[in-house]
1. Considering only region 13-117, give the helices (runs of 4 or more DSSP H) lying wholly within it that have at least 3 residues that are within 11 Å of the chain's Cα centre (by Cα).
2. Run down R106, R113 and say which single residue is in contact with a Gly (Cβ under 6 Å, 6 or more places away or on another chain) and surrounded by fewer than 20 Cβ atoms within 10 Å (Cβ to Cβ).
3. Could we say that A89 is free of Cβ contacts under 8 Å to residues at least 60 places away in the same chain and either of a type outside the set (G, A, S) or surrounded by 14 or more Cβ atoms within 10 Å (Cβ to Cβ) (or both) here?
4. I'd like the full set of residues that are buried (at least 20 other Cβ atoms within 10 Å of the Cβ), more than 14 Å from the ligand (Cβ to nearest atom) and more than 15 Å from V93 (Cβ to Cβ), limited to region 15-45.
5. Might you check whether a residue that is touching a Phe, Trp or Tyr at 6+ places or on another chain (Cβ under 7 Å) and within 11 Å of the ligand (Cβ to nearest atom) occurs anywhere in region 47-66?
6. Every residue in region 31-80 that is free of Cβ contacts under 8 Å to residues at least 12 places away in the same chain and either among the aliphatic types (A, V, I, L, M) or in contact with a His (Cβ under 7 Å, 6 or more places away or on another chain) (or both), please.
Amino acid sequence: MFATLDDLHESEADALSAVWGRLRVFLEVYAEAEERLFYPELLRLGTGAGSKDSPEAETDDAIHDHNEIRDAIGLVDAEEVGTGSWWKAVAKVREANSDHMGEEERESLADFRCHADLDLRHSFGLSFVVFEAQHARCERSGHRPVPVHRAPGRSSDVRSGC
Ligand SMILES: [Fe+2]
């Protein structure tokens, strides 16, 4: 959807606002789904990957990154749609999201793939899609977990969002 915004660069504010609104919800719901569904499983099964030596380190880093993305989203919402400062704020969200996704792919997702069998991965994938569908119209939840180390096998303390 960032690419769609690129193509809409000269468009009216209502078009930009509509696409940004959908993208914002997607980013927030995706992060929340990971925190509720994926990272508790990673804490149970993972051993660490890439630069992280444990699933706790992977989880804490992901929550930190997700909160950076949430903060950047808040800065976009504070700007007038379509202005130069709005586009700069959107670019910051894109940068934070791209950095996070690359790291997550190399580390926590790779760790999970190495330790979860195909049945679990399939079941997990379906749960993820259902969560996203259930929250697709969610307004900003204010969900903001704090990175903490947890013992493997314990569920996270993620609070209710939207
Ligand atoms: Fe993530």
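1. 13-33, 55-77, 84-106
2. R106
3. For A89, the condition - free of Cβ contacts under 8 Å to residues at least 60 places away in the same chain and either of a type outside the set (G, A, S) or surrounded by 14 or more Cβ atoms within 10 Å (Cβ to Cβ) (or both) - is met.
4. Across region 15-45, the qualifying residue is only L43.
5. Yes, because at least one residue in region 47-66 is touching a Phe, Trp or Tyr at 6+ places or on another chain (Cβ under 7 Å) and within 11 Å of the ligand (Cβ to nearest atom).
6. Within region 31-80, A57, A78 qualify.
Rule-based calculations on the coordinates, nothing more; no lab input. In this text, all values refer to a predicted model and were calculated from it rather than measured experimentally. Cβ atoms come from the backbone with ideal geometry, glycine included; neighbour counts cover every protein chain shown.
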